[in-house]
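The values are calculated or read from the model by the stated rules, or taken from the named source; none is laboratory data. Please read these numbers as outputs of a predicted model, since none were measured by experiment. Please note that ligands, DNA and RNA were not included when accessible areas were found on the heavy atoms of the full protein model with its side chains. Shrake-Rupley method; radii C 1.70, N 1.55, O 1.52, S 1.80 Å.
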Amino acid sequence: MEVVATAKWVRTTARKARLVSAMVTGLPVAEALVVLRYSPRSAAVDIAKVIKSAAANAEHNYNLDASTLRVARVEVDGAMIIKRWRAKPRGMAGSIFKRTSHLRAFVTDDEAPANVRRRKAAKMPRTVVPTPVVTPAAATTPAASGDTPAAKPRPARRRAPKPTTEEAE
């Protein structure tokens, strides 16, 4: 069964949101939310909210199990453009377009078809490199063992103290 959630008038461009929605199409909901959480794009926050809402709708309204849900698709449509003007040289005005979009997320509990992408399991390295053993620093320094004399400490910088008003008189 396909369950939908919608967010309207989201203040992000449709083009940028489509790039993010392509990352999560076909993934299970839990994995999609993890991918969106670590995505550097700002549209990922809005798309994650819509996917969470669709999963909550499926759980609450249709009693579907949240662990079996996957993102079927996320549709992104362009919405109204808020138009503003900025002063330019020679008495002209430059246009500023603040684009908005409508987001619609579909989650389903059906099995993914064969042509939908799946995440690959992480590959483990073939050889395991042993971790180096760290010994205490006091036992390895020659000064601690008593074989060689300790290094001389560096002298502190010597500057003449500034005279106070009492000493100046």
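Computed values, structure above
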| item | result |
| --- | --- |
| Heavy atoms of residue 60 accessible to a 1.4 Å probe, total area in Å² rounded to 10 | 150 |
| Residue 134 accessible area, 1.4 Å probe, all protein chains in place, Å² to nearest 10 | 130 |
| Residue-level accessible surface for residue 109, protein heavy atoms, 1.4 Å, Å² | 50 |
